[in-house]
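Just below is one structure, and these are the notes that go with it.
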Amino acid sequence: MASDPARPSYTRAQRRLLTALAGLVVAALAGGAFALTYDIVRELAVAGRVSRRWAPLYPAMADTLTAMTILSLVVTRNSRWWTRLLRWTLLIVLVAGGAAISVQHSVRGFADLPDDALRAGVAVAPHIMLVIAVWLWLTMFKQIRVARPAAEAAPLETQRGHVKVLE
């Protein structure tokens, strides 16, 4: 079967280089987004009555969760569609939440937000981020595991419980 002449063909080294460059572009965009929203998320934490000492952890945790979500998308790229859908949904929710916080901050500030809801959201956020990060981490194990070589295949079972298997 002849390949499509309009479609470029790349060597393995070229594909790896292009993939690495695309990863660097994503990392640069994520780094820019993280830097631009750091102060805003920290101010949100302060508005939610977190002490100024601990407020810088909030943007760091949110950015780390976003990075872990992107990493889990890379790891699960060959998984079933519903596995990827959950991670894409999480990434969209995280990015949309960061965008909403930025818009709120630049348009009205955090003073207009209801005090109780803001304090509750800020109080529960670290725990929710931890649960999501653990879920991502544990589900990535299934995708990362290395297949056993054929030589290490399990021996043929000759007995199951009290029943002997006949050939």
### Task
Can you grab the distance from the C-alpha centre of region 59-116 to the C-alpha centre of region 14-58, Å, no decimals?
11 Å
### Summary
Rounded to the nearest 10 Å², the accessible area of MET61 using a 1.4 Å probe with every protein chain kept is 60 Å²
### Whole-Hz couplings from phi, Karplus 6.51/-1.76/1.60, listed for region 17-31; x for Gly and Pro
5, 5, 5, 5, 5, 4, x, 5, 5, 4, 5, 5, 5, 5, x
### Query
What list of ³J(HN,Hα) values in whole Hz, one per residue of region 89-105 in order, does the Karplus curve 6.51 cos²θ - 1.76 cosθ + 1.60 (θ = phi - 60°) give from phi, with Gly and Pro shown as x?
4, 4, 4, 5, 5, 5, 5, 5, x, x, 5, 5, 5, 5, 5, 4, 5
### Spin-label pair ASP116/LEU17, simplified geometry with 7 Å Cα→Cβ offset, distance in nm
6.1 nm
## Note on the structure
Reported to the nearest 10 Å², SER79 has, with a 1.4 Å probe, an accessible area equal to 20 Å²
### Query
What is the calculated FRET efficiency for THR64 to VAL107, with r their C-beta to C-beta distance and R₀ = 25 Å, to the nearest 0.05?
0.40
### Query
Which FRET efficiency value, to the nearest 0.05, is calculated for ARG52 and ILE132 with the Förster distance at 30 angstrom and r the Cβ-Cβ distance?
0.70
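The values are calculated or read from the model by the stated rules, or taken from the named source; none is laboratory data. Note that this is a predicted model, so its numbers are computed, not measured. Backbone-built Cβ (ideal geometry, glycine too); neighbour counts: all protein chains shown. SASA here: full protein model, heavy atoms, side chains in, ligands and nucleic acids out. Shrake-Rupley method; radii C 1.70, N 1.55, O 1.52, S 1.80 Å.
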